[in-house]
Amino acid sequence: MLTDYHVHLRQDDLDASAESHFTPENIERYRDAASSAGIAELGFAEHMYRFTDALKVWDHPFWQEWALDDIDRYCEVVAASPARLGIEADFVPGAEDRIANLLDRPFDFVIGSIHFIGDRSLDTEEFTIWDERADPDAIWRRYFETLAAAARSGLFDVLAHPDLIKVWGRARALPSKDLRFFYEPAVEAIAESGVAVEVSTAGLRKATGEIYPSPGFMEMCVEAGAVFALSSDAHDPGQIGFEYDQALRFLDDHGVGEIAVFEERNRRLEPVGEVARCR
Ligand SMILES: [Zn+2]
Ligand SMILES: [Zn+2]
């Protein structure tokens, strides 16, 4: 079986309104794209911070700008379709109870992500953490400690783009230490918690040019007995199953023959399928 769970119904764009994107017609466009790519399990994972209720979790100015939509309306529209209902929920340390309240809805899966360290952003120019004072070793250490806390929080079924910190590639300073040193605490927490690790082809569309996670991080996860979820982080139907040839080779190279499938927040493992050749 092939899955694509980390899928957004619209671009990261303030003009992409819920009214025009959270519709049965738009969902149908994604379902058509999934079926021609041979993807049997399609799920949607809209960003938590685009819902007004997210401001009860965190009131960062970035979220204040983006939190415009009604989460229950989103849940209704997706739940009424054959696709799985998910969400990409930011892990905000210290706000675990408030996140749990927001996630108390009929999701099939919850994808946890870290886009901010403190109030500074890892992957946007706005509020960037990568200014002239940035200490890459300290930022990398803190990122993976936060990822470990996200794994241990029990809030999430999957850890999204697990080494998002590399998103800018060589355009931002890299740490001086071997990267495995930074992965270690996160891998330990992944092993203890059993949370699934996302293998995401989104990194291939970014400056890093690499799948998330990096091969070194992936090896450590495999050694630790982790399970994996497969997604593209598509933001339009054309990105469904993006570069899955590469993802399947990556899984195979690491001896991973099964991927996680979710329903009502229960997980099972299924053999990895093949990419459709009829696209
Ligand atoms: Zn994300
Ligand atoms: Zn995403």
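The values are calculated or read from the model by the stated rules, or taken from the named source; none is laboratory data. Keep in mind that this is a model prediction, so the values were computed, not measured. Here the Cβ positions follow ideal geometry from the backbone for every residue, glycine too, while neighbour counts run over all protein chains shown. We work out accessible area using only protein heavy atoms, side chains counted, and drop any ligands, DNA or RNA first. Shrake-Rupley method; radii C 1.70, N 1.55, O 1.52, S 1.80 Å.
Tabulated data for the structure shown
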read-out	value
Accessible area per residue, Å², the range 202-244 with all protein chains present, probe 1.4 Å	31 Å²
Net lengthening on full extension, Leu204/Trp168 (0.36 nm per residue, minus Cα-Cα)	11.8 nm
Relative contact order [Cα under 8 Å, 6+ residues apart], the range 85-129, whole percent	39 percent
The range 143-214 shape via C-alpha gyration tensor axes, a/c threshold 1.5	oblate
Paramagnetic label zone (point 7 Å from Cα along Cα-to-C-beta, Ala79; backbone N under 16 Å) in the range 96-122	101-110
Extreme residue, positive dipole direction of the range 147-199, given options Phe181, Val197, Val167 (C-beta unit charges)	Val167
Cleavage-rule hits (GluC sites (Glu not before Pro)) in the range 101-186: DSSP loop, at most 11 neighbouring Cβ within 10 angstrom	Glu125, Glu126, Glu132
Share of carbon and sulfur in the accessible heavy-atom surface of the chain [1.4 Å probe, %]	46 percent
Rounded to the nearest 20 debye, dipole of the chain from Cβ charges on Lys, Arg, Asp, Glu	420 debye
Nearest-10 value in Å² for the accessible area of Ile211, using the 1.4 Å probe	10 Å²
When the range 127-279 is reduced to its Cα atoms, the Kirkwood hydrodynamic radius in Å	16.2 Å
Listed residues Leu122, Pro24, His235: farthest to the positive end of the dipole of the chain (Cβ charges)	Leu122
At R0 = 22 Å, FRET efficiency that the Cβ-Cβ distance of Arg249 and Arg180 yields, to 0.05	0.50
With DNA, RNA and ligands ignored, accessible area of His8 (1.4 Å probe; Å², nearest 10)	0 Å²
Relative contact order computed over the chain (Cα-Cα under 8 Å; 6+ residues apart), in percent	22 percent
Contact order normalised by residue count of the range 1-108, Cα under 8 Å, 6+ apart, percent	30 percent
Inter-site label distance for Leu68 and Arg29 at 7 Å from Cα along Cβ, in nm	1.7 nm
Average projected area [Cα convex hull, the chain], square nanometres	13.3 nm²
Rounded, prolate or oblate (a/c below 1.5 giving rounded, otherwise prolate when a/b exceeds b/c) for the range 176-229 by Cα gyration tensor	oblate
Shape call, the range 26-166: gyration tensor on alpha carbons, a/c limit 1.5	prolate
